[in-house]
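Worksheet for the structure shown next.
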Amino acid sequence: MNGVNELLAVDRSHDFKLGIEDRFPLDLTSTVAQQWAAYESALTDVWDPENEVLWAGFDPASSSPTEREAGASVWSHRAWIDHGSMVESEAVLVRACLEPASSVDFKYCLGMRAVERARSVDMCRMAAERLDQYHMGSASPELERLLSDDLVRRALHVETDLGAYVARASRRASHNRPPLMGADPARSPGRAQDIG
């Protein structure tokens, strides 16, 4: 049995337990000025994947049909990964809201993460469509099984250490993100930090 199957088997062998609602009175006062500033900035300094400025140097016509097809597959794959992270972020946010010890700043951070992932999914889908076509799912059953992993169930399970789960998920996400389509910026759409 491989590592993924073992993890899923162990997780599903335990009874699922969801935490008890215990968050009122609701205190939304931020206690970490830097996190609040980042949250406020995320609300106002948004990037829009449909903004044509983002796509200014992205020229699919300069690539061969084979390169465009391969690029569409890469961007589709990246969208699937980001979609899983988006759904997982929402599950972790629900879990954090059920735990009275979770700080409001942590919850704001999780909310920002889910919104950024949603924008990233849109951008990846649009890149795939502009290159060739967006692929709705993987042709590989093993990859499909990995992408449909039961992350939400694990994130919501009351016996999962939320801090350790988030740290592991963040480390995993930072190592598993595929690079942009090469070093040439004319072949890759811009990123959020490139848009003013």
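The values are calculated or read from the model by the stated rules, or taken from the named source; none is laboratory data. Here the structure is a predicted model, which means the values were calculated and not measured. Here Cβ is always computed from backbone atoms with ideal geometry, including for glycine, and neighbour counts include all displayed protein chains.
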(message) Restricting to the stretch 78-89, name every residue that is over 27 Å from L28 (Cα atoms) and surrounded by 18 or more Cβ atoms within 10 Å (Cβ to Cβ).
(response) R78, A79, W80, I81, D82, G84
(request) Kindly list the number of the only condition in (1) at pLDDT below 80; (2) of a type outside the set (G, A, S); (3) in contact with a Ser or Thr (Cβ under 7 Å, 6 or more places away or on another chain) that fails for P141. (result) (3)
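Residues are listed down the side, and each one gets a yes or a no for (1) modelled with pLDDT of 80 or more; (2) farther than 27 Å from A164 by Cα:
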| position | (1), (2) |
| --- | --- |
| N5 | no, no |
| V10 | no, no |
| F24 | no, no |
| T29 | yes, no |
| V74 | yes, yes |
| L110 | yes, no |
(message) So in the stretch 28-48, with the set limited to residues that are in contact with a Ser or Thr (Cβ under 8 Å, 6 or more places away or on another chain) and surrounded by 13 or more Cβ atoms within 10 Å (Cβ to Cβ), which one is farthest from C124 (Cα to Cα)?
(response) V32
(request) Return the pairs, sorted by first residue and then second, in which the second residue is basic (K, R) and modelled with pLDDT under 85, the first residue lies in the stretch 90-110 and is within 16 Å of T31 (Cα to Cα), the beta carbons are less than 7 Å apart, and the residues are 6+ apart or on different chains. (result) P100/R23
(request) Just need a number here: residues in the stretch 110-133 that are closer than 16 Å to F58 by Cβ, within 18 Å of the chain's Cα centre (by Cα) and surrounded by fewer than 17 Cβ atoms within 10 Å (Cβ to Cβ). (result) 1
